[in-house]
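Trainee: Please find one structure pasted underneath; my questions will follow.
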Amino acid sequence: MNHWEKIISSLDLTLLTSLKTLNNNARGAYCGDLLSDVLANASGGDLWITIHRHRSVIAVASLLNIGGVIITGGRQPNQDALIDAEKEGIPLFSTPLNNFQASGRLYKIFSKQG
Amino acid sequence: MNMEFNVRGMDFTRAGEASAKIKKALQLVGMEVSTIRKAVIVAYEAELNIVIHARQGILTLFVHPDRVEIIAEDEGPGIPDIALAMQEGYSTAPPHVREMGFGAGMGLPNIKRCSDHLDIDSRVNSGTRLKATIFNNINGE
């Protein structure tokens, strides 16, 4: 399985943007629902795990060169967030897992790579 | 080079647009990656402070070869106690803003951490002026 296939199957992700947003491999992950905390601590290339689904998440993700956004708990993004993600080339996913479960599964994947 | 952006209070549909343009401008002139990261964090936090707390404001970017300056000037309630506002966790943001993940009381501390110089002037019931300077360190940090 390639990089994205492994992440998508392990976290039961649904890719909501087009396939071409999966251009670059993710390099790590950060989980946070306070936007200022993510601004301070997430790195470029990280997958961002969050419960939020509004367009400011994409604005912050774009500023930080985030590698992808995973919305947890089966929540769906607002339409304008989805449009912005596509425009910015940021893969946007939803998962039925919660923040803890999604983080744990990504930790497994990235710690093996490290 | 300088650029100026109008920012409107409570306009969350456009929140972050000025910061996105600032990022593009800094990339175009070839600023260091670490400088751009710090400058966009300062710009975004300052822009959102205007959106969340003020009626309106202006975000201005000045680019010099050795540094970036960001000035945020707003018409709004002002900050009665700047030292208190600088403490992480202190916030006066309303609940509906906090529900979006803003207003955690980390904005000004984030700005301070990313700035080499920071000046804040505020008058209650009038407005706030913030000036942040970020040096363009060629060697990264």
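Trainee: Semi-axes of the equivalent ellipsoid of segment A:26-113: what are they in whole Å, largest first, if each equals the square root of 5 times a C-alpha gyration tensor eigenvalue?
Mentor: Numbers: eigenvalues 68, 43, 26 Å².
For segment A:26-113, the ellipsoid semi-axes come out as 18, 15, 11 Å.
Trainee: Collect residues whose amide H, placed 1.01 Å from N in the peptide plane, falls under 5 Å from the amide H of A:Ala42; neighbours closer than 5 in sequence don't count.
Mentor: Correct list: empty.
Trainee: Continuing with the same structure: Can you list residues whose amide H is under 5 Å from B:Gly9's amide H, if they're 5+ apart or on another chain and H is modeled 1.01 Å from N?
Mentor: B:Gln56, B:Gly57
Trainee: For B:Lys23, give me every one of the lysines with a C-alpha distance below 30 angstrom, ignoring sequence neighbours fewer than eight places off in its own chain.
Mentor: Qualifying lysines at Cα under 30 Å: A:Lys20, A:Lys87, B:Lys38, B:Lys112, B:Lys131.
Trainee: Something else now. Find which of A:His3, A:Ser18, A:Ala61 sits farthest along the positive direction of the dipole of segment A:1-61, computed with +1 on the beta-carbon of Lys and Arg, -1 on that of Asp and Glu, about the Cα centre.
Mentor: Of the options given, the answer is A:Ser18.
Trainee: Which value at 222 nm does chain B reach when only helices count, each DSSP H run of 4 or more adding -39,500 (n - 2.57), with the total divided by all residues and rounded to the nearest 500 deg cm²/dmol?
Mentor: Working: 5 runs with 49 residues, N = 141.
Using -39500 (n - 2.57) per qualifying helix, the result is -10000 deg cm²/dmol.
Trainee: In whole Hz, with x marking every Gly and Pro, tabulate ³J(HN,Hα) for segment B:19-27 from phi via Karplus 6.51 cos²θ - 1.76 cosθ + 1.60, θ = phi - 60°.
Mentor: 5, 5, 5, 5, 4, 4, 4, 5, 5
Trainee: OK, next. Take the Cα atoms of segment B:13-141, build their convex hull, and give its volume per residue in Å³. Mind dumping the intermediate values first?
Mentor: Details: hull volume 12.8 nm³, N = 129.
Dividing the Cα hull volume of segment B:13-141 by its residue count gives 99 Å³.
Trainee: Share of antiparallel DSSP beta bridges in the protein assembly as shown, in percent to the nearest 5?
Mentor: Numbers: 34 of 45 bridges.
In the protein assembly as shown, DSSP labels about 75 percent of beta bridges as antiparallel.
Trainee: Starting from the alpha-carbon convex hull of the protein assembly as shown, give the projected area averaged over all orientations, in nm². Write out the running numbers ahead of the final one.
Mentor: Details: hull surface 53.5 nm².
That works out to 13.4 nm², a quarter of the Cα hull's surface.
Trainee: Continuing with this model, one more query. I'd like the Karplus ³J(HN,Hα) series for segment B:74-90: coefficients 6.51, -1.76, 1.60, θ = phi - 60°, whole numbers in Hz, and an x wherever there's a Gly or Pro.
Mentor: Working through the residues one at a time gives 10, 9, x, x, x, 10, x, 9, 5, 4, 5, 5, 6, 6, 4, x, 7 Hz.
Trainee: What dipole magnitude, in Debye to the nearest 20, does segment A:26-113 give about its Cα centre under +1 on Lys/Arg Cβ and -1 on Asp/Glu Cβ? Intermediate values should be presented prior to the final figure.
Mentor: Details: 8 positive and 7 negative charges, 70 e Å.
Charge dipole of segment A:26-113: 340 debye, to the nearest 20.
Trainee: Mind listing the phi-derived Karplus ³J(HN,Hα) values for segment A:69-81, rounded to whole Hz, using 6.51, -1.76 and 1.60 with θ = phi - 60°, and x for any glycine or proline?
Mentor: With coefficients 6.51, -1.76 and 1.60, one gets 10, 10, 8, 9, x, x, 6, 10, x, 4, 4, 5, 5 Hz.
Trainee: Right, something else. Is there a quick way to get the dipole size of the protein assembly as shown? I mean about its Cα centre, with the Cβ of Lys and Arg at +1 and of Asp and Glu at -1; what is the value in debye to the nearest 20?
Mentor: About 640 debye.
None of the figures in this text is laboratory data; all of them are computed from the coordinates on show. Just so it is clear, the model here is predicted, and its values are computed rather than measured. We place every Cβ from the backbone using ideal geometry, glycine too, and count neighbours over all the protein chains shown.
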